[in-house]
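Written below as structure tokens is the structure these notes are about.
No value in this document is a laboratory result; all are computed from the given coordinates. All values derive from a computational prediction rather than experimental measurement. Methodologically, a virtual Cβ is constructed for each residue, glycine included, from the backbone with ideal geometry; neighbour enumeration extends over all protein chains shown.
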Amino acid sequence: MYGLLTKLLLRGNLAFKPGEIVAFNEHFLLLNVRALKYMTDNAEKNGLSGITELYLAGWYYGIYTTKEIIGVYNLKKFEERYKVVMDLIGVLGMGDYKTLVFQKGVNSKFNVIETSFSKLYYPSKEERLVCHFIRGIEAGGGTLVHETLMNNIEHECAANNGYHCVHENLNREKVLNIDKSILAKQIDLNYAIKKERDILVELGYDPKLFGYS
């Protein structure tokens, strides 16, 4: 991770300038994980609609940032896109990602170890899945990596076990087959898919290329 960070700095792909952080020609802000916890708690107070909106904010972050990364590095192959994006996730402080499943255009499942955000909730008095914003980032980025619409489900959370989370990006067919009781806690899928289509159009992509009719 630190080697990658050094390369980014030396190549000018990451720069700390007076009053701004610039990476891949885009401006970023450092986000304290406690601020994200505050946003997550407020989203959950609004039920599934609030959770879905926070997830979509992450989805936008993920697809927009990945778009810039692909352009800067001219990443044409799926394997190249996946490796570079997964390496950068660690630099962003989202945890140490270990790939469990990797199927182009179908799904990618990962074990997220030592994730500082969700560990803020440990030990939770009840079963919690709190990585709504982070799942969105993974799915938005995964949409450009896999070149098909991706959404993300959390299977395990460090809020409960104190150590790791398990997240999975799924294509449209796969996610539609997820148990409805699981979706009901994590995403309003019909609403999310419509909004994701709008985001693709906003960024200049043809939604048909990502599985929309």
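Data overview
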quantity	calculated
Cut-off under 5 Å, modelled amide H: who pairs with His167 long-range	Phe110, Val112, His155
Whichever lysines have a C-alpha closer than 22 Å to that of Lys104, once near sequence neighbours (fewer than 8 apart) are set aside	Lys67, Lys76, Lys77, Lys83, Lys174, Lys208
Computed P(r) (all Cα pairs; the chain; 10 Å bins; percent)	8, 35, 38, 17, 2
Percent of Cα pairs exceeding the 16 Å cut-off, where the set is region 107-175	44
Table column - 3J(HN,Hα) (Hz), region 186-198, Karplus curve with 6.51, -1.76, 1.60, x for Gly and Pro	10, 6, 7, 5, 4, 5, 4, 4, 5, 5, 5, 4, 4
Nonlocal amide H pairs with Met150, under 5 Å, H built at 1.01 Å	Thr143
Relative contact order (%) - criterion: Cα under 8 Å, at least six apart; region: the chain	21
Integer Hz, Karplus 6.51/-1.76/1.60 couplings in order for region 168-174, x for Gly and Pro	9, 7, 10, 6, 4, 5, 5
Rounded to whole Hz, the Karplus (6.51, -1.76, 1.60) HN-Hα couplings of region 87-94, x for glycine and proline	5, 6, 4, x, 5, 6, x, 8
Volume per residue that the Cα convex hull of region 172-213 spans, once the total is divided by residue count, Å³	68
Cβ-defined net charge surrounding Asn107, 9 Å radius [Lys, Arg +1; Asp, Glu -1]	+1
